[in-house]
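Worksheet: the structure to be examined is printed underneath.
Where a number appears in this text, it was derived from the coordinates with a stated rule and is not lab data. Since we're looking at a predicted model, the values are computed, not measured. Glycine gets a Cβ as well: all are built from the backbone with ideal geometry, and neighbour counts include every protein chain shown.
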C-alpha cells in the first residue's frame, strides 16, 4: 500500500510560537541558514513562512536585507485587544454549553498550572500555561475555525517577550482573571462569563498608559 502523505508543517506557526516564547527578540534578524538548521526545513518553505508572517506584521521585511521581528507597537496592541475581546468572548460563550464536570476539572488544573508558574516558573512557562488555559476553554466550543482565528489574532498582537507581564502583581491579576472565568463557568452564567473574559483581555497592561514602555500581558 502507498504510504500516507506526511501532514504538512505549519512553519509560520512554529516560528510565531518561537517568537512569542522568547526565542527571538523584537528587531532581531532571522537568518535563513539558522532557521534551516533549527527547523530542518527547506529554504523555499521557510521563505513562504516568513512572507506569511510579514503579512501578519509579526515580522518586518526589509528589501535586500531580509526579515526581522517587528518592533512593538503599543497602540496597535491596544487595538488588537479590542478585536481579541470580541472573538474570545464569543469562543468562551459558545463553549459554555459543553462545559461539564470533567471539563471544569481540566480547566481548574490548567488554572492551577498557571498559578504555580506565576509563583515559581519561568517567563516561558507562565506564557505557555496561560495560553493553555484559554485555548483549552475555547476548544470546547463547536467552531474550530473560530479557535484558529482567536490564536492567529493573538499572535498578531506581537507584544511578546522578553517580559510578558510588567510585574508580579500583573501576573497575579491575570491568575485571578482565570478564577473569575472559572466561577462564571461553574455557575453556567453566560453574561458573567462574557464580562469576565472581556475584562481579562482588556485588563492587559497595554491598556494602562502609566506603563507605556513596559511589556504587556498577552491576556
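Summary table below
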| item | result |
| --- | --- |
| Per-pair calculated FRET efficiency, R0 = 35 Å: residue 116 and residue 71 via Cβ, rounded to 0.05 | 0.60 |
| Length-normalised contact order for the chain - Cα pairs under 8 Å, 6+ apart - percent | 24 percent |
| Spacing of the two label points (7 Å from each Cα toward its C-beta) at residue 186 and residue 100, in nm | 2.0 nm |
| Segment 56-171 - percent relative contact order, Cα under 8 Å, separation 6 or more | 37 percent |
| Förster radius 22 Å - calculated FRET efficiency between residue 25 and residue 139 (Cβ-Cβ, nearest 0.05) | 0.15 |
| Among 174, 125, 204: highest mean-square fluctuation, GNM of the chain, C-alpha pairs under 10 Å | 125 |
| Global geometry of segment 11-69, whether rounded, prolate or oblate, following the gyration tensor of its Cα atoms and the 1.5 cut on a/c | rounded |
| 0 to 90° range, to nearest 10: angle between helix 74-95 axis and the chain longest Cα axis | 50 degrees |
| Angle between the chain longest axis and helix 144-157 axis [Cα atoms, degrees, rounded to 10] | 70 degrees |
| With Cα atoms, 0 to 90° folded angle of helix 123-138 axis to the chain main axis | 60 degrees |
| Calculated FRET efficiency for the pair residue 152/residue 173, C-beta based, R₀ 30 Å, to 0.05 | 0.75 |
| Calculated semi-axes √(5λ) of the Cα gyration tensor in Å (choose from (i) 30, 22, 16; (ii) 37, 20, 14; (iii) 27, 23, 19), label | (i) |
| Relative contact order (%) - segment 11-69, alpha-carbon pairs under 8 angstrom, separation at least six | 41 percent |
